[in-house]
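A short worksheet on the structure shown next.
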Amino acid sequence: MSTLLSPALIDSMAQAFLDGGRTLQSNLQTVAQSLLGSLLLLQMSWFGVQALLESMVGDNLGEVLARLLRLILLYGLVAWFLAAYDLVFYQAIYGGCTALVQAVAGANGEQQSFATAWNVVFDLMLSVWNTMEATPANVLAGSSPLSWSFYATLAQMAVTLVILFGTLCGFLRCLFIVALVHVLGAALVGLALALGPFFIPWLLWGATRSLFEGWLRFLFTASFYRVVAVTLLQLAKPVFIQLQQVVSSGGDPTQATSPLDLVLSAMMLLLLTTVLGDLIGRIPQLSAALLGHGRIDVGTVGNFTRAADNGLRRLTGTDHRYRPWSRHED
């Protein structure tokens with residue numbers, strides 16, 4: 001079980017996808033160089049025709065020569081991108097996002113930032129499980145089944161255990177999505193790195209430059225998957241720990257936690273787990289929105305906010321969506 005639920009196994013799968021993409025990228029370098037040479041030949045031929053026509057007319061020859069100079073400089077940039085491909089697009093972009101993830105995760109001795117994100121969810125899940133396991137013995141110890149308080153405590157304990165079981169399922173869902181995001185992000189980065197040499201030469205033409213820009217946005221978005229996942233988990237971790245401490249103390253008769261506080265804390269823990277899983281499931285949208293290439297749809301949170309806003313508008317009488325047309329006099 002410990003081998004299956006190991007971040008090292010998930011991380012090795014992600015690294016395999018990433019290395020496969022880098023291997024395919026090296027195979028496409030020759031194709032990219034040929035494509036770049038063909039595009040440059042076509043562009044230079046067109047400039048030769050333009051220069052010939054403009055020299056015969058004698059008007060905008062200087063503008064043609066200026067565009068030719070810009071083309072030469074742009075060709076140098078594209079050629080440098082292909083020559084320094086691994087340095088620019090893997091070491092700089094993907095490596096920069098990896099360094100950002102490690103900075104968000106903190107200096108906790110973990111070599112892989114994914115292991116930090118994994119341990120955040122896994123530790124909370126084990127803590128909830130230990131609370132569920134210890135609660136019946138702690139709550140019912142020394143209680144008499146002849147009193148009404150015993151059955152009230154038993155009902156309260158049953159409700160709490162059901163809520164905690166839902167929370168445990170929510171943490172398992174978060175754990176699965178975190179692993180999926182890590183592998184999927186690395187696979188998409190590997191795919192982007194593999195196809196990159198084919199898209200870079202299109203930077204040479206203004207009409208096809210959007211192909212290169214779309215590929216670059218795709219690479220950035222895939223690289224941000226882990227950044228968003230680890231940031232969400234690190235932001236939610238202190239709140240989860242605080243609520244879990246309240247639930248754990250409720251299972252100890254020596255603590256002064258009331259049954260209502262215990263149930264409410266368990267319900268809040270379940271709610272936050274559901275919201276966190278919903279947000280983690282929308283990591284592709286969040287990553288694209290951070291790069292300015294998409295809108296954020298936060299699902300359950302957005303639906304709840306819209307419902308609360310519509311209800312408040314109806315209560316205050318400021319909802320004009322169904323207001324009938326009124327006649328105005330001139």
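The figures follow:
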read-out: Two-site FRET efficiency, LEU172 against LEU264, from Cβ-Cβ distance with R₀ of 22 Å, rounded to 0.05; value: 0.45
read-out: ³J(HN,Hα) computed for each position of the stretch 273-285 - Karplus, 6.51 cos²θ - 1.76 cosθ + 1.60, integer Hz, glycine/proline x; value: 5, 5, 5, 5, x, 5, 5, 5, x, 9, 4, x, 5
read-out: Rough spin-label spacing in nm, given labels placed 7 Å along Cα→Cβ, for VAL31 and GLN15; value: 2.8 nm
read-out: Proxy reagent accessibility, fewest Cβ within 10 Å first, across VAL263, VAL120, VAL230; value: VAL263, VAL120, VAL230
read-out: Under-5 Å amide H pairs with LEU291, H placed in peptide plane, nonlocal only; value: none
read-out: In Hz, Karplus ³J(HN,Hα) per residue of the stretch 220-237 (6.51, -1.76, 1.60; θ = phi - 60°; x = Gly, Pro); value: 5, 4, 5, 5, 7, 4, 5, 4, 5, 4, 5, 5, 4, 5, 5, 5, 7, 4
read-out: Likely footprinting exposure, TYR225, TYR85, fewest C-beta neighbours within 10 Å first; value: TYR85, TYR225
read-out: ALA103 versus ARG314: modelled label distance in nm, points set 7 Å from Cα along the beta carbon direction; value: 4.7 nm
read-out: Extension gain from ALA8 to ILE241, taking 0.36 nm per residue of separation minus the Cα-Cα distance; value: 81.4 nm
read-out: Under Karplus coefficients 6.51, -1.76 and 1.60, residue-wise ³J(HN,Hα) of the stretch 165-176 in Hz, glycine/proline x; value: 5, x, 5, 4, 5, x, 5, 4, 5, 4, 5, 5
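Quick note: the coordinates plus some simple rules give every number you see, no bench work behind them. Quick caveat: nothing in here was measured; it's all calculated off a predicted structure. Here the Cβ is made from the backbone with ideal geometry for all residues, glycine too, and neighbour counts use every protein chain on show.
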